[in-house]
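Read through the structure below, which is laid out as structure tokens, and then see the notes.
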Ligand code: ADP
Ligand code: MG
């Protein structure tokens, strides 16, 4: 089973050997901890904290702290960590990935390192794949932390409009009578949730909170504390599958254009192979000469063509619409790549089949699909803040992860996150039987065979879990099962909570559950169903009967693009030493075979002369399919690596800007900073207008320029300046600027001046940073075009990106200097912290609603501070 790990096995063995003595140490403390009263056990936490202060390290404390957490778990939730779970806990504490099979109890494992690391008081995060698990796990493990005197909270997105505080703190003294499931969850603010010792939440919620914090105008609005230690559950899903789409906070931009609809009308009239060709592997469409001519003719007829040739730079925006329309119509399929619900196009994650609400394809593709589906085109958006998961999770001081399937992706974890993978042995031996793949020529016969297999097992009463790669395939199979009269449940990872309840019963006699691979992830499939839901004796009988029937049988209806996902599916069966079995069905029409392994597999099958209806079970074909998977994995890795390479460029910028912002909010001395900006700006202006020959200097122009910064007194005029040397001019102007600054400070009083400085700086940074993000986006698209000129796009992107960043810094200075003399505080009607942007209006002049906003944002007043 571990064969493919090759030489990794040896080093893994070594790692495990290192863990044994630590496990022995933890065990040696057990009797002592068992003797403690509840109060004494809780007091251990204070003792550990004190010892930390006195110089002991977390590693020193580990054996006792783990023993304490194990004892607390035994007393509260009645589960005592197995030795292999201790091993997993140590690995997590070391900042590595613990690969532990499904059902091995990773939820419980995490309590050990979370408890230990929370002793520092810096807060620890546990990252889950969905918000249902963020609540379930915090609540489930809550009693353990509580017994040890630590607090635990859960953050999650708003579930209903009535829910204003989507965060909960586990508190046994609180009881919500209406909530029968999680009565001891006390509603708290996000901030309070982050101030708990341990916080559970999804990757999206943690990431968005980080981005939102960095848009806040006051430190008191920050919800997160430092990013100290995170354990990522189902780490492969979060750090690999999800890592292909960055987190984006966006705002609406200008109205969508009619052109999307125009192209959505034109493109379907083109013919495949004649007007365009499809490159399957790269998922690209190319227009032929003929296709191009047709499009040009149609566009000319509609009066849209600005120059005769479509590829003339004047038509640049048109080609973008065209390319997107082609992709939308030819490559993107409804119910496979996306779904249309309530007039909205929702992306389906191609890896997990999950609906990605709120996410949009970028660069106009989403709008093109909306046009194709004739739904309302959502307004284009501008990026307000963005970060990739890769870069978000790299912000943590220490990062760890756990999952049933990490080893196949060890290289990526290492290269991108510097995370090492340690494979932890199972508590009991795994006895599941994995049958060889059955390979069919076409999809139809394959699905017929799948249905036959389901029927056979179902007749005996064996519970079945059938995995599909997409919602579309789930529905296809569901139809087939309905026709055969087989009752079943279909899960699409849409409603996590409901699906969790269904999957918890998937191990009952006669249960047939069809699920995309993310559906119900994190929920245990216990043979005989969830014991909590039925009478103990009845449950035991059913449990024993299912074991007799061979346990859960898993059927895969297609090989996934990544072997890891197949292993996940298989892993749902055979938990904790249960019996179980699995089989995958494959056809030559399946995506992964077709796109990546097609010819070789097919060639082999033709050679062997198999007919339509006879499946083959041959190691050579299985091997070829696996090779195809390895190739797809590599291909996707490259895409993600690419994303990171690009994001790394912006990431450097983000680090600088966020750090600057933070300094401002923390009360850095901005006066000195702004004054030096003013000096610099004046020096630049003077240097730019004073040429060596003073006779040629345009003093009037200089005065006009200066007046855009600050009001000048009559004695500073072209005539007066023309009698001075450039050095003197600069000195005189700077003197005057500083004097005026002091005078304004007196008028405003110092405290207000500090507030103004802060607001002006933040405004300038925030608005220009957003523009910068958009500019970087465009740059990235343009850099792509350079590939044709044999220049590596990333090289262009880095170089030009650097130039853009320098101009960003220059623009910030320019804006600050050009604003600071013009704003003042009028009256403090609102508490300044909450909405400070509303109190800044210019001195002595009323701003019209349509005037440029005095804060320097570049927007109209009514859209900005005057809102
Ligand atoms: P995983 O996340 O590894 O798939 P879970 O955390 O969902 O596994 O746990 C699977 C099941 O094992 C749960 O029902 C849990 O109660 C049970 N379990 C875990 N650890 C123990 C233990 N030490 N003793 C008894 N039951 C355990
Ligand atoms: Mg789990």
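Which of the residues that make up region 491-506 are touching a residue at least 40 places away in the same chain (Cβ under 8 Å) and within 16 Å of ligand 2 (Cβ to nearest atom)? First the steps, then the outcome.
Restricting attention to region 491-506, the residues satisfying the condition of being touching a residue at least 40 places away in the same chain (Cβ under 8 Å) are 492-494, 496-497, 500, 506.
Residues satisfying the conditions are 493, 496, 497, 500, 506.
Restrict the check to region 429-437 and report whether at least one residue is in contact with a strand residue (DSSP E or B) (Cβ under 8 Å, 6 or more places away or on another chain), part of a strand (DSSP E or B) and within 30 Å of residue 615 (Cα to Cα).
Looking through region 429-437, at least one residue is in contact with a strand residue (DSSP E or B) (Cβ under 8 Å, 6 or more places away or on another chain), part of a strand (DSSP E or B) and within 30 Å of residue 615 (Cα to Cα).
Taking region 364-389 on its own, how many of its residues are buried (at least 20 other Cβ atoms within 10 Å of the Cβ), touching a residue at least 24 places away in the same chain (Cβ under 8 Å) and in a helix (DSSP H, G or I)?
Within region 364-389, residues that are buried (at least 20 other Cβ atoms within 10 Å of the Cβ), touching a residue at least 24 places away in the same chain (Cβ under 8 Å) and in a helix (DSSP H, G or I) number 7.
Being within 16 Å of ligand 1 (Cβ to nearest atom), at pLDDT below 95 and in contact with a helix residue (DSSP H, G or I) (Cβ under 6 Å, 6 or more places away or on another chain) is the requirement here; does residue 103 meet it? Step through it out loud before you land on a result.
Numbers: within 16 Å of ligand 1 (Cβ to nearest atom): yes; at pLDDT below 95: yes; in contact with a helix residue (DSSP H, G or I) (Cβ under 6 Å, 6 or more places away or on another chain): yes.
Yes, satisfied.
Do we find a residue being at pLDDT below 85, in a helix (DSSP H, G or I) and surrounded by 13 or more Cβ atoms within 10 Å (Cβ to Cβ) anywhere in region 724-741?
Yes, some residue in region 724-741 is at pLDDT below 85, in a helix (DSSP H, G or I) and surrounded by 13 or more Cβ atoms within 10 Å (Cβ to Cβ).
Please go through region 57-100 and give me each residue that is crowded, with 23+ Cβ neighbours inside 10 Å, within 13 Å of ligand 1 (Cβ to nearest atom), outside any helix (DSSP H, G or I) and touching a residue at least 60 places away in the same chain (Cβ under 8 Å), ordered by number.
98, 99, 100
Quick one: how many residues across region 569-594 are more than 16 Å from ligand 1 (Cβ to nearest atom) and assigned to a helix (DSSP H, G or I)?
Of all residues in region 569-594, those more than 16 Å from ligand 1 (Cβ to nearest atom) come to 579, 581-594.
Retained after the next criterion (residues that are assigned to a helix (DSSP H, G or I)): 591-594.
Within region 569-594, residues that are more than 16 Å from ligand 1 (Cβ to nearest atom) and assigned to a helix (DSSP H, G or I) number 4.
Looking at region 20-56, which of the residues that are closer than 17 Å to residue 143 by Cβ and surrounded by 18 or more Cβ atoms within 10 Å (Cβ to Cβ) is nearest to the chain's Cα centre (by Cα)? Can you show your working first?
We begin by selecting, within region 20-56, every residue closer than 17 Å to residue 143 by Cβ; these are 33, 36-39, 41-42, 44-45.
Going one step further and asking which of them are surrounded by 18 or more Cβ atoms within 10 Å (Cβ to Cβ), we end up with 33, 41, 44-45.
Working: 33: 40, 41: 38, 44: 37, 45: 34 Å.
Among those that are closer than 17 Å to residue 143 by Cβ and surrounded by 18 or more Cβ atoms within 10 Å (Cβ to Cβ), it is 45.
Yes/no matrix, rows are residues, columns are (1) closer than 26 Å to residue 379 by Cβ; (2) exposed (fewer than 14 other Cβ atoms within 10 Å of the Cβ):
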position	(1), (2)
200	no, no
235	no, no
239	no, no
244	yes, no
250	yes, no
259	yes, no
268	yes, yes
280	no, yes
289	no, yes
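Would it be correct to say that residue 91 is modelled with pLDDT of 95 or more, within 15 Å of ligand 2 (Cβ to nearest atom) and within 30 Å of residue 554 (Cβ to Cβ)?
Working: modelled with pLDDT of 95 or more: yes; within 15 Å of ligand 2 (Cβ to nearest atom): no; within 30 Å of residue 554 (Cβ to Cβ): yes.
The answer is no for residue 91.
Kindly list the number of the only condition in (1) within 25 Å of residue 402 (Cβ to Cβ); (2) within 16 Å of ligand 1 (Cβ to nearest atom) that fails for residue 566.
(2)
Given the condition at pLDDT 95 or above, more than 16 Å from ligand 2 (Cβ to nearest atom) and surrounded by fewer than 21 Cβ atoms within 10 Å (Cβ to Cβ), answer yes or no: does some residue in region 415-424 qualify?
yes
So, residue 521, is that one away from ligand 1 (no atom under 14 Å from the Cβ) and out of contact with any strand residue (DSSP E or B) (no Cβ under 6 Å at 6 or more places or on another chain) or not?
On the way: away from ligand 1 (no atom under 14 Å from the Cβ): no; out of contact with any strand residue (DSSP E or B) (no Cβ under 6 Å at 6 or more places or on another chain): yes.
It is false that residue 521 is away from ligand 1 (no atom under 14 Å from the Cβ) and out of contact with any strand residue (DSSP E or B) (no Cβ under 6 Å at 6 or more places or on another chain).
Are there any pairs, at least 6 apart or on different chains, whose C-beta atoms fall under 6 Å, with the first in region 400-422 and under 17 Å from residue 10 (Cα atoms) and part of a helix (DSSP H, G or I) and the second within 16 Å of ligand 2 (Cβ to nearest atom) and modelled with pLDDT of 95 or more, and if so, which?
Hits for this filter: 407/99.
Do you know which of the residues in region 485-498 that are more than 15 Å from ligand 1 (Cβ to nearest atom) and part of a helix (DSSP H, G or I) is farthest from residue 137 (Cα to Cα)?
Start the filter on region 485-498 by keeping residues that are more than 15 Å from ligand 1 (Cβ to nearest atom), which leaves 485-495, 497-498.
Okay, now just the ones that are also part of a helix (DSSP H, G or I), so 497-498.
Numbers: 497: 13, 498: 16 Å.
Result: 498.
Which residue, of 821, 861, 797, is at pLDDT 55 or above, surrounded by 14 or more Cβ atoms within 10 Å (Cβ to Cβ) and more than 34 Å from the chain's Cα centre (by Cα)? Steps first, answer last, please.
Numbers: 861 fails: at pLDDT 55 or above; 797 fails: more than 34 Å from the chain's Cα centre (by Cα).
After applying the criteria, what remains is 821.
Filter region 379-416 down to residues that are more than 28 Å from residue 523 (Cβ to Cβ) and out of contact with any helix residue (DSSP H, G or I) (no Cβ under 8 Å at 6 or more places or on another chain) and give me whichever is nearest to ligand 1 (Cβ to nearest atom).
Checking each candidate, the answer is 414.
Count, please, the residues in region 223-250 that happen to be assigned to a loop (DSSP other than H, G, I, E, B) and within 16 Å of ligand 1 (Cβ to nearest atom). Can you show your working first?
Filtering region 223-250 for residues assigned to a loop (DSSP other than H, G, I, E, B) gives 223-228, 234, 245-246.
Applying the additional criterion that residues be within 16 Å of ligand 1 (Cβ to nearest atom) yields 234.
So the count comes out to 1.
Determine, yes or no, whether residue 121 is at pLDDT 95 or above, over 24 Å from residue 172 (Cα atoms) and away from ligand 1 (no atom under 11 Å from the Cβ). Break it down stepwise before answering.
Details: at pLDDT 95 or above: yes; over 24 Å from residue 172 (Cα atoms): no; away from ligand 1 (no atom under 11 Å from the Cβ): yes.
No: the conditions fail for residue 121.
Only one of these is within 15 Å of ligand 1 (Cβ to nearest atom) and not in a loop (DSSP other than H, G, I, E, B): 506, 515, 501. Name it. Before the answer, list the steps.
Numbers: 506 fails: not in a loop (DSSP other than H, G, I, E, B); 515 fails: within 15 Å of ligand 1 (Cβ to nearest atom).
Among 506, 515, 501, only 501 is within 15 Å of ligand 1 (Cβ to nearest atom) and not in a loop (DSSP other than H, G, I, E, B).
Looking at region 103-129 only, could you name the residues that are surrounded by fewer than 24 Cβ atoms within 10 Å (Cβ to Cβ), within 12 Å of ligand 2 (Cβ to nearest atom) and part of a loop (DSSP other than H, G, I, E, B)?
Result: 103, 105.
Which of the numbered conditions does residue 305 fail, given that it passes all the others? Conditions: (1) in contact with a helix residue (DSSP H, G or I) (Cβ under 7 Å, 6 or more places away or on another chain); (2) within 27 Å of residue 350 (Cβ to Cβ).
(2)
Filter region 516-549 down to residues that are away from ligand 2 (no atom under 16 Å from the Cβ) and under 24 Å from residue 565 (Cβ atoms) and give me whichever is surrounded by the fewest Cβ atoms within 10 Å (Cβ to Cβ). If you could, list the steps in order and put the result at the bottom.
Here is the first cut: in region 516-549, the ones away from ligand 2 (no atom under 16 Å from the Cβ) are 516, 527-529, 531-549.
If we keep only those that are under 24 Å from residue 565 (Cβ atoms) too, we end up with 516, 527.
Numbers: 516: 27, 527: 25.
The residue in question is 527.
The values are calculated or read from the model by the stated rules, or taken from the named source; none is laboratory data. These figures come from a predicted structure and were not determined experimentally. In this analysis, Cβ positions are derived from the backbone assuming ideal geometry, glycine residues included, and neighbour counts consider all displayed protein chains.
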